[in-house]
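Scroll down for the structure; my scribbles are underneath it.
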Amino acid sequence: MVQHGDRSVIATNRRARHHYTIVDTYEAGLVLVGTEVKSLRLGRASLAEAFATVDGGEVWLRNLHIAEYWHGSWTNHTPRRTRKMLLHAKEIRGLNVRARETGFALVPLSMYFSDGWVKVELALARGKKNWDKRRDIAARDAERDMARGIGWQLKGHPAGKGRRRPPEDPVLRYTP
């Protein structure tokens, strides 16, 4: 697990920011059984295909994979069971209204321990089109190229070249 201040990250959904534009984020608790917590402490979870729904005034996290605890017995949990998320009633009402709009989804971004409690960072997100994804990739590549060019200039390299030029030797220079 990775430590970030007072939280230790269990799992992240890296593809969520690629497939969705994040509109708003919420921190939610998760209702778990004992062997699930033990398995999470070992870092054995995957948010890759997980999503949330609002049903009957409650938020449910579906398709989250928490591997079975290897020391568990017949009391072990089902890896992909539906888990209840804990949010304030006002947040649930707001999510219910906005999630019903076309193109919106509730996507978990990360799962972490905060003061011993398992928390999920839940995002209200709008799906991206393919051209949005290509535009984001092009912008990221352009930023990387600009940062690389500035770095080379700060190090004293000639402008526009990625490597140092060999020293010019008047004997080896060919001029027609």
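The values are calculated or read from the model by the stated rules, or taken from the named source; none is laboratory data. Please read all numbers here as calculations on a predicted model, not as lab measurements. For neighbour counting, all protein chains shown are included, and Cβ atoms are generated from backbone atoms with ideal geometry for every residue, glycine included. Accessible surface is based on the protein model in full, side chains and every heavy atom, while ligands, DNA and RNA are left aside. Shrake-Rupley method; radii C 1.70, N 1.55, O 1.52, S 1.80 Å.
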Inset, instruction - Could you figure out which of (1) open to solvent by 30 Å² or more (accessible area, probe 1.4 Å); (2) outside any helix (DSSP H, G or I); (3) touching a residue at least 60 places away in the same chain (Cβ under 8 Å) isn't true of ARG17? - result: (2)
Inset, instruction - Taking THR21 as the residue in question, decide whether it is within 14 Å of GLU121 (Cα to Cα) and not charged (D, E, K, R). - result: no
Legend entry - Index of the failed condition, LEU95 passing every other in (1) in a helix (DSSP H, G or I); (2) open to solvent by 30 Å² or more (accessible area, probe 1.4 Å); (3) under 23 Å from TYR20 (Cβ atoms): (2)
Inset, instruction - Only residues that are touching a Leu at 6+ places or on another chain (Cβ under 9 Å), open to solvent by less than 20 Å² (accessible area, probe 1.4 Å) and over 19 Å from ARG15 (Cα atoms): list them for the range 37-65, please. - result: LEU40, VAL59
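Considering each of GLY116, GLY149, GLY127 in turn, give the residue that is over 27 Å from GLU36 (Cα atoms), loosely packed, with under 14 Cβ neighbours inside 10 Å and not basic (Lys, Arg).
On the way: GLY116 fails: over 27 Å from GLU36 (Cα atoms); GLY149 fails: loosely packed, with under 14 Cβ neighbours inside 10 Å.
Just a single option satisfies the conditions, and that option is GLY127.
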Inset, instruction - Please find, within the range 98-110, the residue that is farthest from the chain's Cα centre (by Cα) out of those that are modelled with pLDDT of 85 or more and open to solvent by less than 50 Å² (accessible area, probe 1.4 Å). - result: PHE104
Legend entry - Counted residues, the range 52-97 - those being free of Cβ contacts under 8 Å to residues at least 40 places away in the same chain and at negative phi: 26
Inset, instruction - Inspect the range 72-92 for any residue being within 21 Å of ARG17 (Cα to Cα), of a type in the set (D, E, K, R) and surrounded by fewer than 16 Cβ atoms within 10 Å (Cβ to Cβ) and give the result as yes or no. - result: no
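Of these, THR53, THR78, which one is in contact with a strand residue (DSSP E or B) (Cβ under 7 Å, 6 or more places away or on another chain) and either assigned to a loop (DSSP other than H, G, I, E, B) or among the β-branched types (Val, Ile, Thr) (or both)? Explain how you work it out, then say what you get.
Numbers: THR78 fails: in contact with a strand residue (DSSP E or B) (Cβ under 7 Å, 6 or more places away or on another chain).
None of the others qualify; the one that does is THR53.
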Legend entry - Any pair with Cβ under 6 angstrom, 6 or more apart, that starts in the range 113-137 at a residue that is among the polar types (S, T, N, Q) and ends at one that is open to solvent by 60 Å² or more (accessible area, probe 1.4 Å): SER114/ARG7
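Check LEU95, LEU109 and return the single one that is within 24 Å of THR12 (Cβ to Cβ), among the aliphatic types (A, V, I, L, M) and in contact with an Asp or Glu (Cβ under 8 Å, 6 or more places away or on another chain). Can you show your working first?
Values: LEU95 fails: in contact with an Asp or Glu (Cβ under 8 Å, 6 or more places away or on another chain).
Going through LEU95, LEU109 in turn, the sole match is LEU109.
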Inset, instruction - From GLU91, GLU101, GLU27, grab the single residue that is among the charged types (D, E, K, R) and under 20 Å from LYS128 (Cα atoms). - result: GLU101
Legend entry - Number of the exception - ASP115 against (1) among the charged types (D, E, K, R); (2) over 18 Å from ASN13 (Cβ atoms); (3) under 20 Å from the mean Cα position of the chain (by Cα): (3)
